[in-house]
Amino acid sequence: MINLFGYRLSWAQLAWFGHRASGLGVLLFLFLHIVETSTVLLGPEVYDFTQTFYQNLPAKLGEVLLMAALVYHALNGLRVIAMDFWPSLTVYYRPLTYGVIAATIISMVPLGIIMTRGYLPWG
Amino acid sequence: MDVQLRIRRFNPEADTEPHWEEYAVEAEPTDRVLDLLHQVKWYQDGTLTFRRSCAHGVCGSDAMLINGQNRLACEYLVKDAGTSITVEAIRGMTIVKDLLVDMEPFWDSYKQVMPFLVNDEIPADGKERRQSQADRERYEDTSRCILCAACTTSCPVFWSDQSYVGPAAIVNAHRFIVDSRDTAKEERLEIMADPDGVWRCRTTFNCVEACPRDIKITKAILEVTQEIGKAGIR
């Protein structure tokens, strides 16, 4: 049993926590992206140099994580919106939550392979 | 069977912070956690303080944080709780002593939603206000609330800010908002549309999992938000 703030962590609560964490993570990347893109104002050499920061495996894995955050945040957001429009759906909150988590994992398998193919043995 | 009972205790006259104390108690698998608390209070330490009244899941006075989740001590059996059990006071409330909390803020939120039928009109037949079975069905679920506060004190939003009206008050507002005989719907919806009202729900479903009456609380909360939308309240 996992506790968060001393209270048993349910999948629905984890989904909410994940929604916040993924949203903040994506926002953080947005700021990073603005800074990185704005280096173009300092000339093409500086911009090209900043782009080299992304050309390595840890940065690529970070991008995969970013994609996972985006996919999860979008799917979970749709779940929350659907419940807002049709409150009767809340009765199925457990399968819906499991569905969002499963769909995120399943989507990330091909996406992860495509994004990291340059680093894979057959890439 | 032997059960290790850990209770988070607090005596305002002697302690500055709550602390854990352990008790070894003998129990049957079909005993309730409330029976264990009785054993401690009656035979080991008479200073243990907790609230309970009917002890049969009706009055809702013994909601506690047991094994990390809000439950009624009188409904939770040892066979389900295991041989190592932790008991704490419900969250977000001021602890008066041990497992006893000050429920006044909870009652204030409850009173705020006017939990009573408002209708000063004379019934059509002069005797009673009739409604269809379908209209009665609309508040069947939310009329079963026993005001134990297990839902409100399981809510992370309430933990962080006690000005949030909380799931229990919303459930009781819903019970009258969808009642076809009531005439104060607009007034209740105005209260629910307050920044500390229904919009603060983050659909974590802790309330639904904690409710000892299995009330579909989040469904009721979202139905109230829809009623606010339909009434055009901003």
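Every number in this text was worked out from the coordinates using simple rules, so none of it is lab data. This is a predicted model, so every value here is computed, not measured. No Cβ is skipped: glycine too gets one built from the backbone with ideal geometry, and neighbour counts run over all protein chains shown.
Screening chain B for whole DSSP H helices of 20 Å or more along their axis (Cα) with average Kyte-Doolittle hydropathy at least -1.0 returns B:217-231. Membrane-span-like helices in chain A, defined purely by DSSP H runs whose alpha carbon atoms cover 15 Å or more axially and whose average Kyte-Doolittle hydropathy reaches 0.5, are A:11-38, A:57-85, A:93-115. The magnitude of the dipole of chain A, with charges of +1 and -1 set on the Cβ of Lys/Arg and Asp/Glu and taken from the Cα centre, is near 560 debye. The charge dipole of the protein assembly as shown, taken about its Cα centre with unit charges on the Cβ of Lys, Arg, Asp and Glu (plus for the first two, minus for the last two), comes to roughly 820 debye. The alpha carbons of segment A:7-79 occupy a box of 51, 23, 23 Å along the principal axes, longest dimension given first. Between rounded, prolate and oblate, where does the protein assembly as shown land on the alpha carbon gyration tensor, with a ≥ b ≥ c its root eigenvalues, rounded for a/c under 1.5, else prolate if a/b exceeds b/c? Since a/c reaches 1.5 but b/c is at least a/b, the shape of the protein assembly as shown is classed as oblate. For a paramagnetic label modelled at 7 Å from the Cα of residue B:83 toward its Cβ, which residues of segment B:20-60 fall within the zone defined by backbone nitrogen distances under 18 Å? Residues B:22-33, B:36 qualify, since their backbone N sits under 18 Å from the label point.
Computed over the alpha-carbon atoms, chain B gives an Rg to Rh ratio of 1.04, Rh here being the Kirkwood radius from the mean inverse distance. Each Cα pair under 8 Å and six or more residues apart adds its separation to the average, and for chain A the resulting relative contact order is 30 percent.
The distance from the alpha carbon centre of segment B:100-130 to that of segment A:108-123 is 61 Å, rounded to a whole number. Applying both filters, DSSP loop and at most 14 other Cβ atoms within 10 Å, to the chymotrypsin sites (Phe, Trp or Tyr not before Pro) of segment B:58-157 gives B:116.
Is the shape of segment B:14-85 best called rounded, prolate or oblate, per the rule: a/c under 1.5 gives rounded, else a/b larger than b/c gives prolate, else oblate, with a ≥ b ≥ c the square roots of the Cα gyration tensor eigenvalues? Verdict is rounded for segment B:14-85.
Normalised by the number of residues in chain B, the mean separation of alpha-carbon contacts (under 8 Å, six or more apart) gives a relative contact order of 18 percent. Would you kindly derive the ³J(HN,Hα) couplings of segment B:45-60 from the backbone phi angles with the Karplus curve 6.51 cos²θ - 1.76 cosθ + 1.60 (θ = phi - 60°), listing them in order in whole Hz, with x for Gly and Pro? So the Karplus estimates, Gly and Pro as x, are 8, x, 7, 4, 10, 8, 9, 7, 10, 6, 6, 9, x, 10, 7, x Hz.
For the listed residue pairs B:127/B:216; B:111/B:219; B:185/B:219; B:79/B:111; B:79/B:216, the alpha carbons are over 29 angstrom apart in B:127/B:216; B:79/B:111.
Applying 1/(1 + (r/R0)^6) with R0 = 30 Å to the Cβ-Cβ distance of residue A:67 and residue B:161 gives a FRET efficiency near 0.35. For segment B:139-234, the list of GluC sites (Glu not before Pro) that fall in a loop by DSSP and count at most 15 other C-beta atoms within 10 angstrom reads B:140. Mean per-residue shielding of peptide A:83-91 is 5, counting Cβ atoms of other chains within 10 Å of each Cβ.
Of the residues A:116, A:81, A:7, the one whose Cα sits farthest toward the positive end of the charge dipole of chain A, with +1 on the Cβ of Lys and Arg and -1 on the Cβ of Asp and Glu, is A:7. Given a Förster distance of 22 angstrom, what is the FRET efficiency for residue B:94 paired with residue B:21, based on the Cβ-Cβ distance and rounded to 0.05? After rounding, the FRET efficiency stands at 0.60. Backbone amide hydrogens, once placed in the peptide plane, bring residue B:100 within less than 5 Å of nothing, excluding anything fewer than 5 places away on its chain. Placing a label point 7 Å from the Cα of residue A:86 along the Cα-to-Cβ direction, the residues of segment B:192-225 with a backbone N closer than 20 Å are B:203-205, B:216-225. Please work out whether segment B:71-205 counts as rounded, prolate or oblate from its C-alpha gyration tensor, where a ≥ b ≥ c are the square roots of the eigenvalues and a/c under 1.5 means rounded, while otherwise a/b larger than b/c means prolate and anything else oblate? The shape class here is prolate. Report summary: the helix-based calculation at 222 nm, which adds -39500 (n - 2.57) for every DSSP H run with n ≥ 4 and divides by the residues of chain A, gives -25000 deg cm²/dmol. Projecting the Cα atoms of A:32, A:71, A:18 onto the dipole axis of chain A, where Lys and Arg carry +1 and Asp and Glu carry -1 at the beta carbon, places A:18 farthest toward the positive end. For segment B:87-234, the residue among B:155, B:204, B:126 whose Cα projects farthest onto the positive side of the dipole built from Cβ charges is B:204.
This model, with +1 at the C-beta of Lys and Arg and -1 at the C-beta of Asp and Glu, gives chain B a dipole about its Cα centre of some 560 debye.
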